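Down below is the structure, laid out as structure tokens.
The values are calculated or read from the model by the stated rules, or taken from the named source; none is laboratory data. Bear in mind that the values here come from a model prediction, so they are computed numbers and not experimental data. Glycine gets a Cβ as well: all are built from the backbone with ideal geometry, and neighbour counts include every protein chain shown. These accessible areas exclude ligands, DNA and RNA; they are computed on the full protein's heavy atoms, side chains included. Shrake-Rupley method; radii C 1.70, N 1.55, O 1.52, S 1.80 Å.
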Amino acid sequence: TVKITACLAVAGPVRNNAVHMTNIGHVVVVVDGNAMEKSDEPYLQMLERVKIVNDFVGMGYGALDLNLDKETVELMPDSKAKIDPLGPKVCVGAGTGLGECYMTVSTLNAEQGYECYPSEGGHVEFSPRTDVEVELLSALRKKFSERHRVSVERVVSGKGLANVYEFLAERFPERIEKDVHAEFMEAGDMKGKVVSVNSKPGNLCYDAMVIFASAYGSEVGSAALKFIPTGGLYVVGGLTPKNLKYIQGQDSPFMKAFKDKGRVSGLLDTIPLFAVLNEDLGLRGARVCALREFQHAQRSS
């Protein structure tokens, strides 16, 4: 009889090997690995072990599977040479939302490899760095009925990019390009893509991209200060490879904000920093996690 060890990377907080998915309309969907293992359903009979992890934990494990030479771009010089094989690793990635995770390895049992942990870092406060961004914060507080704070995800994500453009269009109506704005208004969940595709130096879309990339770099820099990930800091997510020109290069909006950390800016020179070019890390991470579960079961039997 074939027995399968599986790992499912699912959006949402995981507790007791189960996740409650609450963003699917008005329905709460529960994905329970323990229930799958015990199920009498014929199509689940072959599942011997089912591991449920947060979707961004899957991204983290996927980072362990990267070919750094072919699948990443060094954002800080000599990043590959700076990697500490026992240092913490961090992933930050903008896509539909803003995800973050971190990984550590025991210096006493390094052979067991890295363990990845979820984070809700994408929901920390957006911290404006320019006068226009201060106005943006005020506008977003009104839009989302927040009295004091707005999550950085409201700026650093696909929907966040759309929020930034909407603010700029209201703030500078004389600069609106009618054709682009009409396309934006009809784009539904793809509004961020419209902004990126139509970005040209000097127009509103370009200004929105600069604000997005600056806020992205600032948050990645904050993650670097919090975790000091000498094992590698990986900028992942669907928006990263699509918008490299705003991220790559020491004079890019992303990198300027990343390095703008006042008295401790010098610390960031020690952090290996990579932009990840591929978008299948979650799937690859689920495979890595499933293989680890299988190997653990084999050693224990």
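When the gyration tensor of the stretch 191-301 is built from Cα positions, what are the square roots of 5 times its three eigenvalues, in whole Å, from largest to smallest?
32, 21, 9
Pick from 176, 228, 83: which residue has the top mean-square fluctuation in a GNM of the chain where Cα pairs under 10 Å get a spring?
176
What residues have an amide H closer than 5 Å to that of residue 10, excluding those fewer than 5 places away on the same chain, when H is modeled at 1.01 Å from N in the peptide plane?
Long-range HN contacts for residue 10: 53, 54, 55.
What residues qualify as long-range amide H neighbours of residue 87, i.e. H under 5 Å apart, gap of 5 or more or another chain, H built at 1.01 Å from N?
Under 5 Å from the amide H of residue 87: 231.
Give, in whole angstrom and from largest to smallest, the semi-axes √(5λ) of the equivalent ellipsoid of the chain, with λ running over the eigenvalues of the Cα gyration tensor.
Result for the chain: semi-axes of 36, 25, 16 Å.
Cross-link candidates for residue 200: which lysines have Cα within less than 22 Å, leaving aside residues fewer than 8 places away along the same chain?
Straight-distance partners of residue 200: 159, 178, 191, 242, 245, 256.
Any aspartates and glutamates with Cα under 17 Å of the residue 70 Cα? List them, leaving off those in the same chain fewer than 8 positions away.
78, 279, 280
Give the accessible surface of the chain per residue, rounded to a whole number of Å², with probe radius 1.4 Å and ligands, DNA and RNA excluded.
So the chain comes to 52 Å² accessible per residue, rounded to a whole number.
Among all cysteines in the chain, which have no other cysteine Cβ under 4.7 Å from their own Cβ?
That list is 91, 101, 116, 205.
Rounded to whole Hz and in sequence order, give me ³J(HN,Hα) for the stretch 117-126 from the Karplus expression 6.51 cos²θ - 1.76 cosθ + 1.60, θ = phi - 60°, writing x for Gly and Pro.
10, x, 8, 10, x, x, 9, 5, 5, 6
Name the residues whose placed amide hydrogens come within less than 5 Å of the amide hydrogen of residue 151, ignoring near sequence neighbours (fewer than 5 apart) on the same chain.
Amide H to amide H, under 5 Å and 5 or more residues apart or across chains, residue 151 pairs with 126.
Can you send over the carbon and sulfur percentage of the accessible area for the chain, probe radius 1.4 Å, protein chains only?
Here carbon and sulfur together make up 53 percent of the probe-accessible area.
As a test, work out the antiparallel percent of DSSP beta bridges whose residues both lie in the chain, rounded to the nearest 5.
Here the antiparallel bridges make up roughly 60 percent for the chain.
Among 142, 193, 261, which one shows the biggest mean-square fluctuation in a GNM of the chain, springs joining Cα atoms closer than 10 Å?
For the chain, modelled as a Gaussian network with Cα springs under 10 Å, the answer is 142.
Kirkwood Rh over Cα pairs of the stretch 68-156 into Stokes-Einstein at 37 °C, 0.692 mPa s: D in µm²/s?
Approximately 206 µm²/s, per Stokes-Einstein.
For a quick check of your reading of the filter: which chymotrypsin sites (Phe, Trp or Tyr not before Pro) in the stretch 133-198 sit in a DSSP loop and have no more than 13 other Cβ atoms within 10 Å?
144
Could you pull out every one of the lysines with an alpha carbon less than 16 Å from that of residue 51, ignoring same-chain neighbours closer than 8 positions?
Counting by Cα, and skipping residues close in sequence, residue 51 has these lysines nearby: 3, 38.
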